[in-house]
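Visitor: Once you've had a glance at the structure underneath, I'll fire off some questions.
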Amino acid sequence: MIEQFADTIRRAVSDRRTLRIRGGGTKDFYGVALDGDVIDTRAHAGVIDYEPSELVVTARAGTSLADLETVLADKGQMLAFEPPRLGPDSTIGGVISAGFSGPRRATSGSARDYVLGVKVMNGDGAELRFGGQVMKNVAGYDMSRLMAGACGTLGLLTEVSLKVLPVPRTELTVRLELPEADAIATMNRLAGTPLPISATCHHDDVLSVRLSGAEPAVAAARASIGGEIVADGAAFWESVRNQRHSHFVRHTTLWRLSVRSTVLPIDLGPTLIEWGGALRWIAGNADPEKIHEAATAAGGHATLYRGGNKTCGIQRLAPGMLALQQRLKQALDPHGVFGARRLHPTF
Amino acid sequence: MGKPESIDALLPPLAGKAELVRRLAAVLPPECLFDATEDMTPYECDGLSAWRTVPLVVALPQNEAQVAAVMKICNEVRVPIVPRGAGTGLSGGAQPHSGGVTLGLSKMKSILALDPVARTARVQPGVRNLAISEAAARHGLYYAPDPSSQIACSIGGNVAENSGGVHCLKYGLTVHNLLALRLVTIEGEILELGGEGLDAAGYDLMALITGSEGLLGIVTEITVKLLPKPQLARVVMAAFDSLERAGEAVANIIAAGIIPAGLEMMDQLATGAVEQFVHAGYPLDAAAVILCESDGTPEEVAAEIEHMSQVLRDSGATECRLSRDDAERLLFWSGRKAAFPAVGRLMPDYYCMDGTIPKRRLGEVLKGIAALSQQFDLKCPNVFHAGDGNLHPLIMFDANVPGQQERAEEFGARILELCVEVGGTITGEHGVGIEKINQMCVQFGTAEIETFHAVKHAFDPVGLLNPGKAIPTLQRCAEYGAMHVSRGKEAFSDLPRF
Ligand SMILES: Cc1cc2nc3c(=O)[nH]c(=O)nc-3n(C[C@H](O)[C@H](O)[C@H](O)COP(=O)(O)OP(=O)(O)OC[C@H]3O[C@@H](n4cnc5c(N)ncnc54)[C@H](O)[C@@H]3O)c2cc1C
């Protein structure tokens, strides 16, 4: 398989064509453009190494997310960044390349945070190895974490090593009826207390809070937070994580704003809030300029996640930063063979 | 170790020392610029004190604008720049360049903003690691990564090394606890990375800069995450009569689904070395001592401590002691935290290694180290971050005894190569610096090293930032490869020999 990938890449370079790396295609909706001939990673699949007591799993990039999660669940472990499962064909390579994280992100960290090492094929068809299968590694620049969120524009991921964590012993979800501004204040206040909170979500005047950990700890936290216990909490978080919640299903145009957690409600459309206030999903067709302005004022940035006019939804980068990112793309993909224009009109 | 200036040659500078000093004096106040040898001696080394070089000039800017001005001048006259925080680095990252400017960030030590509601602090690079937690304490918050050097080391240095601490198994390394950085480039341009949200636009450069050892830019501002202080922490001290059994106990704890707040191990030589200074009550007849900490709400801690103690006893612990109060908890930790200085008091010199290995290979690697210790005839106590497989063998030697330093260096190099052999890495948290530059050639192949150079080139095309550190030239690897044959085949056989 590796030889085949290398051949395809070298051929594309010599024919001056570009390649679009694709796993299950569950994120085809995402990104600025989908240029290039598809190179499908799914045949390069399989968990290569998994030792639960090391908290590390290594899998080929084409391994399906579902298969990987089953292997981990068998040993009571999980991907703690809770990547959205956007379809049955989702691959781990795609998950890491897109860099999406789910509800647990605010307390447990992002997809990038759990990357320990990668194998990545460059434009010469050479397979390079960065990072490793150990928890701590500062030899050389951290190229592996740079691949997370690069949307396949810096090289073809062939293998990833990820840190994994034990599944919490108990989880419990409570709901509190609160308008948006009060919910934002509450999320930030709770995050400043040492309670075992593992996710928060606000939508339609309801704040949902998930508690995870040992049973007595969860019970004590529940007593201090109050609210009403949600009977099927797990199903609710699944719907948020997998973007099957009505907010995601109902709206075709969806902006994703990554902002300071304490920012007051951004009144530009129906909103679902996650990550203790740091992630705002704003639906509808507000003026893109206003959305970008609001995100910048909130110390963050906006992306048109889905629908709408792609060119208005591109992440804004300051001129110096844009130039640096272009140089980096040029340095790592000098032939310009990988997924041009997926992340930005120029890379 | 390798001399940075021998083969990693730079283009000649375009100005002499007098001209450089004249130009720097125009942008820095007199008390921020040293060029006399006697004033520069305190800067001649970092924590890797066996290596000393007096820099050409020391510049200590007071603010970001001065940093940018110094960068512009050095870039114009092609003079190398070596960033320096508190100088506690153990791999020679801040080791001066005899023809370069040492750019110290020690005067930039303000906490610029602390937002207790959003739980963030925006600080200058010269702020000491512990000072952040001290400032956050009145809000019930703290900054989690806690290197043992935290009373002295700077947050800028922590970013440059991606430093860890005894709590990073549960709370992450520096890279996991940052939100934003300001970076001054070699051209003197100011870049903002990350943001106040949890992720940033475009490529994620935060992780690339973290751990880049001052080779890509000068970090002039850092926004860190603050965490709520756990209500309670308690530690179990467990003794084992064999290193293998202690290693298995570590694996059993993790396999039981526990992520301790800290999980550390010391071997008998190490406990022997520290006990006489700290009187922590370590069982001196034990082959290994494990410290296993739980933190959280009282309910969480109670449940977790019970579970941990059970696993430790089932794994064959000969003794388990639970800290009664916080004073005793700190006492149990004191020996671990003071291990380096304690060893330093037993022997004139010690050399601290930093390899990381898959935990299941622990027994094998410790045996290998013991054999090497005999072969090189140097003592080597071991302390390690057991939970994440990060070893700190401390090679004891006396530099005044002819040959000992060379033996210690050779011993260290063999340990690192052993770590790579079992699937680990040459450095978990102390960085490559100049100390492990040759072992980079063992860890990586030509194509990976070329990729590192391509990244460097995108930030610093002339190569003026911290030259000769962290990333070896291919020439260096060819020379090193000519002496060492790694993994049965010669490294870099395709490169011309010099
Ligand atoms: C007794 C002792 C115990 C230690 N324990 C630990 C430990 O538990 N865990 C751990 O990880 N480390 C430990 N260390 C190592 C050391 O303290 C860390 O590497 C620390 O982060 C270095 O910080 P510093 O400010 O002293 O940096 P320096 O030593 O001054 O510099 C380190 C590197 O960072 C670069 N640099 C510094 N500031 C900047 C900046 N603003 N911008 C760009 N580059 C910069 C320098 O060029 C150099 O390459 C220990 C050291 C000692 C002496």
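The values are calculated or read from the model by the stated rules, or taken from the named source; none is laboratory data. Note that the structure is a prediction, hence the values are computed from the model and not measured. Here the Cβ is made from the backbone with ideal geometry for all residues, glycine too, and neighbour counts use every protein chain on show. For the accessible areas, the whole protein counts, side chains as well, though only heavy atoms, and no ligand, DNA or RNA atoms are used. Shrake-Rupley method; radii C 1.70, N 1.55, O 1.52, S 1.80 Å.
Visitor: A:GLY155 passes all but one of (1) within 21 Å of A:LEU79 (Cβ to Cβ); (2) in the same structural domain as A:VAL95 (by TED's automatic domain parsing); which number fails?
Guide: Condition (1) is where A:GLY155 drops out.
Visitor: Let me ask something else about it. What are the pairs, 6+ residues apart or on separate chains, where a residue within the range B:331-346 that is within 14 Å of chain A (Cβ to nearest Cβ) and at pLDDT below 85 has its Cβ under 6 Å from a residue that is open to solvent by 30 Å² or more (accessible area, probe 1.4 Å) and more than 12 Å from the ligand (Cβ to nearest atom)?
Guide: Cβ pairs passing all conditions: none.
Visitor: Return yes or no: is B:ILE190 at the interface with chain A (Cβ under 10 Å from one of its Cβ atoms) and not basic (Lys, Arg)?
Guide: yes
Visitor: Which residue, of B:LEU226, B:LEU179, B:LEU191, is surrounded by fewer than 23 Cβ atoms within 10 Å (Cβ to Cβ) and not polar (S, T, N, Q)?
Guide: Going through B:LEU226, B:LEU179, B:LEU191 in turn, the sole match is B:LEU191.
Visitor: Can you report the number of residues in the range B:80-97 which are on the phi > 0 side of the Ramachandran plot and in contact with a Gly (Cβ under 6 Å, 6 or more places away or on another chain)?
Guide: The number of residues fulfilling the criteria is 1.
Each row is one residue, and each column tells you yes or no for (1) on the phi < 0 side of the Ramachandran plot; (2) more than 9 Å from chain B (Cβ to nearest Cβ); (3) crowded, with 21+ Cβ neighbours inside 10 Å; (4) touching a residue at least 40 places away in the same chain (Cβ under 8 Å).
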position	(1), (2), (3), (4)
A:ALA278	yes, no, yes, yes
A:GLU293	yes, yes, no, no
A:THR296	yes, yes, no, no
A:ALA318	yes, no, no, no
A:MET321	yes, no, no, no
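Visitor: Considering only residues that are away from every other protein chain (no Cβ under 14 Å) and either within 13 Å of the ligand (Cβ to nearest atom) or charged (D, E, K, R) (or both), which ones fall in the range B:74-91? Working first, answer last.
Guide: Taking the range B:74-91 as the starting set, the residues that turn out to be away from every other protein chain (no Cβ under 14 Å) are B:74-88.
Result: B:GLU76, B:ARG78, B:PRO80, B:ILE81, B:VAL82, B:PRO83, B:ARG84, B:GLY85, B:ALA86, B:GLY87, B:THR88.
Visitor: Could you run through the range B:398-414 and say how many residues are over 17 Å from the mean Cα position of the chain (by Cα) and open to solvent by less than 10 Å² (accessible area, probe 1.4 Å)?
Guide: Matching residues across the range B:398-414 total 2.
Visitor: Would you check if A:ARG280 is outside the structural domain of A:SER101 (by TED's automatic domain parsing) and either of a type in the set (A, V, I, L, M, F, W, C) or assigned to a loop (DSSP other than H, G, I, E, B) (or both)? I'd like the intermediate steps shown before the answer.
Guide: Working: outside the structural domain of A:SER101 (by TED's automatic domain parsing): yes; either of a type in the set (A, V, I, L, M, F, W, C) or assigned to a loop (DSSP other than H, G, I, E, B) (or both): no.
Here the answer is no, as A:ARG280 does not meet what is asked.
Visitor: Which numbered condition in (1) within 8 Å of chain A (Cβ to nearest Cβ); (2) within 16 Å of the ligand (Cβ to nearest atom) is the only one that B:GLY202 fails?
Guide: (2)
Visitor: Quick check: is even one residue across the range A:124-141 crowded, with 21+ Cβ neighbours inside 10 Å, facing another protein chain (nearest Cβ under 9 Å) and in a helix (DSSP H, G or I)?
Guide: no
Visitor: If A:ALA331 meets every condition in (1) within 13 Å of chain B (Cβ to nearest Cβ); (2) over 27 Å from B:PRO116 (Cα atoms); (3) crowded, with 20+ Cβ neighbours inside 10 Å apart from one, which number is that one?
Guide: Among (1) within 13 Å of chain B (Cβ to nearest Cβ); (2) over 27 Å from B:PRO116 (Cα atoms); (3) crowded, with 20+ Cβ neighbours inside 10 Å, A:ALA331 violates only (3).
Visitor: Just checking, which of A:THR18, A:THR58, A:THR63 is out of contact with any Phe, Trp or Tyr (no Cβ under 8 Å at 6 or more places or on another chain) and either open to solvent by 40 Å² or more (accessible area, probe 1.4 Å) or in the same structural domain as A:LEU157 (by TED's automatic domain parsing) (or both)?
Guide: After ruling out the rest, the residue left standing is A:THR63.
Visitor: Right, another one. Out of (1) touching a strand residue (DSSP E or B) at 6+ places or on another chain (Cβ under 9 Å); (2) assigned to a loop (DSSP other than H, G, I, E, B), what's the single condition that is false for A:ALA302?
Guide: Here A:ALA302 meets the rest and fails (2).
Visitor: Which members of the range B:119-143 meet the condition of being assigned to a loop (DSSP other than H, G, I, E, B) and closer than 17 Å to B:GLY211 by Cβ?
Guide: B:PRO125
Visitor: May I pose another question? Only one of A:GLY227, A:GLY233 is more than 14 Å from chain B (Cβ to nearest Cβ) and in contact (Cβ under 8 Å) with a residue 60 or more places away in the chain; which?
Guide: Answer to the selection: A:GLY233.
Visitor: Hey, another quick one. For A:THR193, only one of the following conditions fails: (1) within 17 Å of A:GLU82 (Cα to Cα); (2) within 12 Å of another protein chain (Cβ to nearest Cβ); (3) open to solvent by 30 Å² or more (accessible area, probe 1.4 Å). What is its number?
Guide: (1)
Visitor: Another question, if that's okay. Listed residues B:GLY387, B:GLY363, B:GLY355, B:GLY368; which is farther than 29 Å from B:GLN150 by Cα and within 14 Å of chain A (Cβ to nearest Cβ)?
Guide: Details: B:GLY387 fails: farther than 29 Å from B:GLN150 by Cα; B:GLY355 fails: farther than 29 Å from B:GLN150 by Cα; B:GLY368 fails: within 14 Å of chain A (Cβ to nearest Cβ).
Just a single option satisfies the conditions, and that option is B:GLY363.
Visitor: Looking at this structure, is B:MET71 in a loop (DSSP other than H, G, I, E, B), within 14 Å of the ligand (Cβ to nearest atom) and more than 17 Å from B:SER163 (Cα to Cα)?
Guide: no
Visitor: Is it true that some residue in the range B:40-61 is touching a Pro at 6+ places or on another chain (Cβ under 9 Å), touching a residue at least 60 places away in the same chain (Cβ under 8 Å), of a type in the set (Gly, Ala, Ser) and within 16 Å of the ligand (Cβ to nearest atom)?
Guide: Within the range B:40-61, none of the residues are touching a Pro at 6+ places or on another chain (Cβ under 9 Å), touching a residue at least 60 places away in the same chain (Cβ under 8 Å), of a type in the set (Gly, Ala, Ser) and within 16 Å of the ligand (Cβ to nearest atom).
Visitor: Hand me the list of helices (runs of 4 or more DSSP H) wholly inside the range B:401-489 holding 1 or more residues that are within 16 Å of the ligand (Cβ to nearest atom).
Guide: B:404-421, B:440-443, B:446-459
Visitor: Considering only residues that are within 14 Å of chain B (Cβ to nearest Cβ) and part of a loop (DSSP other than H, G, I, E, B), look in the range A:31-55 and name the one that is least open to solvent (accessible area, probe 1.4 Å). Give the steps one after another, and end with the answer.
Guide: Here is the first cut: in the range A:31-55, the residues within 14 Å of chain B (Cβ to nearest Cβ) are A:31-32, A:48-55.
Of the ones still in play, those that are also part of a loop (DSSP other than H, G, I, E, B) are A:31-32, A:55.
Working: A:GLY31: 17, A:VAL32: 32, A:LEU55: 0 Å².
My answer is A:LEU55.
Visitor: Now, a different point. Which ones in the range B:149-192 are in a loop (DSSP other than H, G, I, E, B), β-branched (Val, Ile, Thr) and within 8 Å of the ligand (Cβ to nearest atom)?
Guide: Filtering the range B:149-192 down to residues in a loop (DSSP other than H, G, I, E, B) leaves B:149-153, B:162-167, B:172-173, B:185-189.
Those left that are additionally β-branched (Val, Ile, Thr): B:151, B:166, B:185-186.
B:VAL166 - this is the single residue of the range B:149-192 that is in a loop (DSSP other than H, G, I, E, B), β-branched (Val, Ile, Thr) and within 8 Å of the ligand (Cβ to nearest atom).
Visitor: Being out of contact with any Gly (no Cβ under 7 Å at 6 or more places or on another chain) and closer than 16 Å to B:MET40 by Cβ is the filter; apply it to the range B:98-120 and report the residue that is most open to solvent (accessible area, probe 1.4 Å).
Guide: Filtering first and then ranking leaves B:SER98.
Visitor: Just for the range B:121-146: of the residues that are open to solvent by 10 Å² or more (accessible area, probe 1.4 Å) and within 14 Å of chain A (Cβ to nearest Cβ), which one is nearest to the ligand (Cβ to nearest atom)?
Guide: Across the range B:121-146, the extreme among qualifying residues is B:ARG122.
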